[in-house]
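Take a look at the structure set out below.
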Amino acid sequence: MAIASRDFRELRLEGISRDFGQVRALRDVTLTIERGEFVALLGPSGCGKSTALNCIAGLLQVTHGAIWLDGQRLDETGPEERGFGMVFQNYALFPHMTVRRNIGFGLATQRRPRAEIARRVDEALALVQLEEHAHKLPGQLSGGQQQRVAIARAIVVEPPLVLMDEPLSNLDAKLRLEMRAEVRRIHTMLGCSTIYVTHDQEEALSLADRILVLIDGQMRQIGTPEELYTRPANPDVAEFMGYRNLVDSRAEPADGGVAVSVCGARLIGTPMQAVGTQVVVAIRPDDMRVTGDGPIAATVEIAEYHGRDFYAVARDADGTNLYFRSEQRVRPGETVRLAAAPARVLVYAA
Amino acid sequence: MSAARLSLRRRLREHGLDAVTLLVIPGVLFVLALFIYPFLYGLVLSFHPKEGDALANYRRFFSDPFLYDTIYITLQIAVPVTLLNVVLSVPVALRVRLMKHQRLLTTILVIPITLGTVMVAEGLLTYLGPRGWLNRSLLEIGLSEPVRLTHNYWGVMLSLVISGFPFTFLLTLSYVTGIDPALEQAGAMLGARARERFRRILLPLLAPGLAITLALAFVQAFTVFPSAILLGAPAGPTRVISIVAYQAAFEQYDYPLASAIAMLMAGVQVVIIAALLGARTLVFRGPASTGKG
């Protein structure tokens, strides 16, 4: 019944947009996903990432654009025909069916022989390590176990593409780490192409081969986790990727980059694009060092103990907040001197 | 002394009894005075017939086809009406759930409830009668004889659908909206088409609610009285059981017999409801969505 087979080369989104009334929730997203790839759609809440996922799933119609699986156009078919697996944020397990029947649902829909269903469900149960819970109802399982059932149910039909909509957001912190490893393990074992929606940059960085950052329904950057982490393409992405220090500044050419003034101090930075004199400087708190001869002087306002280090907010003479990490103890009221390596001072056009 | 009082109060609270519990008293008194007492009074009265032994009324009912046939006649109206109302409600509720102007449509559908049976009956008599709009329109387009829809089985049936449907619809809608839409989406993602999603996901989750809806709708239809008289043929095909009880009480002034008939009415309803709710225990009764763990 499913028109999509597992042996596809690529899934192409060609300029897909989605309007809700007058509001354009998703604007002109173009993306090619290779077979076996793990792509994360990352963005703050309300950025359109779930809309994008639902468009790919077929649960929402695209307003403009096309979706292709190799030579086959998908955007006019219903979700039943696309044959993609989906893991929902609230798991959406059928509450009246046992774990076994939940997992076997897709195979039963395909009218597979009973013996084959039993065998493949057994395999899926083993994969997610839920053999002893096979005859329970979803309501009798913990959140993490429900999550595993949802994953097993999505992958047992061997879909060409697995879609995951913030699957770990309902779990507590410890379980989230465990399930993250689990998602990674299953992906490595089965090699299924996956699109994973999340607002958690750490999740995206640790899981994905490539990350697409969506902000306000628009693609802002696409790249490997390293590229996004070290070289965000614009200040919006930088802010989302944890560059807490975003300072408006003026720039002038200098040796090894551009010279910018941050809090009255001169820093050498790396231009990320062609920049004029008006610039935005982005520095990650981790890249700020407390050193005796640092050019920036600021007074510590708040210092949080984070175990391995301190996370602190300091304020300079003009009242600009600076966020930094320090391995030595810093106390509110103390004056610190801060420095940042030129390669980690990113300069964008304002 | 005061320590002992405190601990008594605390112990009562442990069992869920506190000052708020007192607010239940007016309700309990009301039920006792207006339901339990009359019911028991009627039950006792039914065993004190005007003549004969304690069971004479019941024996009389079951020996006179003119009386016992009314059970069958009433069921013949109530069962199809109940099924029809519930069967119609499900697809409408499934559709309305997805609508934007749900409230407007719900309001329109609820209007028949506010009109009352007599008003609906009057309206139907005019509209469906031999000289009503419907028949005149049908004659215009070439029907040779007017369709008889009043003063017979169909008149009662139609009026019960009109007054019963909003009720079953509202109940069904509340059960339908209780089902997480993501479940249907999950079914679709797993390749199930609309019909299969309905059969394997929605219907099993709706079944317990539908059993309750059926039970309530049945009670409503089984106790039909005004429309059976106004729109039906109360001497023949729509001589329902409540008419017989009414005649016994207010035409023959035989209160014990009327009470016995009322008790039998209640008995039939209890049997049907027990069967429905018994069937309900056979299906899944948990929540219609799985929450976070």
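The values are calculated or read from the model by the stated rules, or taken from the named source; none is laboratory data. Predicted model, so just to flag it, every value in this text is computed and none were measured. Note that each Cβ is placed from the backbone with ideal geometry, even for glycine, and that neighbours are counted across all protein chains shown.
What the table shows:
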item	result
Subset of region B:212-249 (residues that are of a type in the set (Val, Ile, Thr), closer than 18 Å to B:Ala262 by Cα and within 15 Å of the chain's Cα centre (by Cα))	B:Val219, B:Thr223, B:Val224
Count of residues meeting criterion [assigned to a loop (DSSP other than H, G, I, E, B) and without any contact (Cβ under 8 Å) to a residue 12 or more places away in the chain] in region A:55-74	1
Some residue of region A:141-157 being surrounded by fewer than 20 Cβ atoms within 10 Å (Cβ to Cβ) and either more than 9 Å from chain B (Cβ to nearest Cβ) or touching a Ser or Thr at 6+ places or on another chain (Cβ under 6 Å) (or both)	no
Residues of region A:178-212 satisfying the condition of being touching a Phe, Trp or Tyr at 6+ places or on another chain (Cβ under 6 Å) and not hydrophobic (A, V, I, L, M, F, W, C)	A:His187, A:Thr194, A:Asp209
All positions within region A:167-181 that are of a type outside the set (A, V, I, L, M) and buried (at least 21 other Cβ atoms within 10 Å of the Cβ)	A:Pro167
Selection from region A:27-73 of residues that are acidic (Asp, Glu) and touching a strand residue (DSSP E or B) at 6+ places or on another chain (Cβ under 6 Å)	A:Asp28, A:Glu34, A:Glu37
Qualifying position, being assigned by TED's automatic domain parsing to the domain that holds A:Met219 and modelled with pLDDT of 95 or more, among A:Leu69, A:Leu93, A:Leu60	A:Leu93
Residue in region B:197-206 that is nearest to the chain's Cα centre (by Cα), counting only those that are of a type outside the set (A, V, I, L, M), over 22 Å from A:Met164 (Cβ atoms) and facing chain A (nearest Cβ under 10 Å)	B:Pro204
Selected residue (criterion: nearest to the other protein chains (Cβ to nearest Cβ)) from residues of region A:57-88 that are among the hydrophobic types (A, V, I, L, M, F, W, C) and over 24 Å from A:Gln146 (Cα atoms)	A:Leu60
Contacts under 8 angstrom Cβ, first residue in region A:310-325 being in contact (Cβ under 8 Å) with a residue 60 or more places away in the chain and of a type in the set (A, V, I, L, M, F, W, C), partner assigned to a loop (DSSP other than H, G, I, E, B) and surrounded by 20 or more Cβ atoms within 10 Å (Cβ to Cβ), 6 or more apart	A:Leu322/A:Cys263
Subset of region A:252-287 [surrounded by 15 or more Cβ atoms within 10 Å (Cβ to Cβ), of a type outside the set (Val, Ile, Thr) and within 13 Å of A:Leu346 (Cβ to Cβ)]	A:Gly257, A:Leu267, A:Gly269, A:Pro271, A:Met272, A:Ala282, A:Arg284, A:Asp287
Subset of region B:228-261 (residues that are closer than 15 Å to B:Ala56 by Cα and hydrophobic (A, V, I, L, M, F, W, C))	B:Ala248, B:Leu257, B:Ala258, B:Ala260, B:Ile261
Hey, A:Phe84 surrounded by 23 or more Cβ atoms within 10 Å (Cβ to Cβ) and at pLDDT 95 or above or not	no
Members of region B:151-181 found to be in a helix (DSSP H, G or I), within 13 Å of chain A (Cβ to nearest Cβ) and buried (at least 20 other Cβ atoms within 10 Å of the Cβ), listed by number	none
Elements of type helices (runs of 4 or more DSSP H) in region B:1-52, at least 1 residues being touching a residue at least 24 places away in the same chain (Cβ under 8 Å) and within 35 Å of the chain's Cα centre (by Cα)	B:37-46
Test for B:Phe218: is it more than 10 Å from chain A (Cβ to nearest Cβ), surrounded by fewer than 18 Cβ atoms within 10 Å (Cβ to Cβ) and closer than 15 Å to B:Ile77 by Cβ	no
Selected residue (criterion: nearest to B:Ala275 (Cα to Cα)) from residues of region B:185-196 that are in a helix (DSSP H, G or I) and facing chain A (nearest Cβ under 9 Å)	B:Glu196
Within region A:300-350, tally of residues that are part of a strand (DSSP E or B) and either exposed (fewer than 13 other Cβ atoms within 10 Å of the Cβ) or among the charged types (D, E, K, R) (or both)	7
Breaking point among (1) surrounded by fewer than 19 Cβ atoms within 10 Å (Cβ to Cβ); (2) farther than 30 Å from A:Gln89 by Cβ; (3) in contact (Cβ under 8 Å) with a residue 40 or more places away in the chain, for B:Ala207	(2)
Of the criteria (1) in contact with a Ser or Thr (Cβ under 6 Å, 6 or more places away or on another chain); (2) within 14 Å of chain A (Cβ to nearest Cβ), which one B:Phe225 fails	(2)
Pairs with Cβ under 9 Å, 6+ apart, first in region B:91-114 and touching a residue at least 40 places away in the same chain (Cβ under 8 Å), second among the small types (Gly, Ala, Ser)	B:Ala93/B:Ser174; B:Pro112/B:Ser163; B:Pro112/B:Gly164; B:Ile113/B:Ser163
Only one of A:Ala52, A:Ala25 that is touching a Ser or Thr at 6+ places or on another chain (Cβ under 8 Å) and touching a residue at least 24 places away in the same chain (Cβ under 8 Å)	A:Ala25
Leading residue by the ranking (nearest to the other protein chains (Cβ to nearest Cβ)) among those in region A:89-103 that are within 26 Å of the chain's Cα centre (by Cα) and surrounded by fewer than 24 Cβ atoms within 10 Å (Cβ to Cβ)	A:Asn90
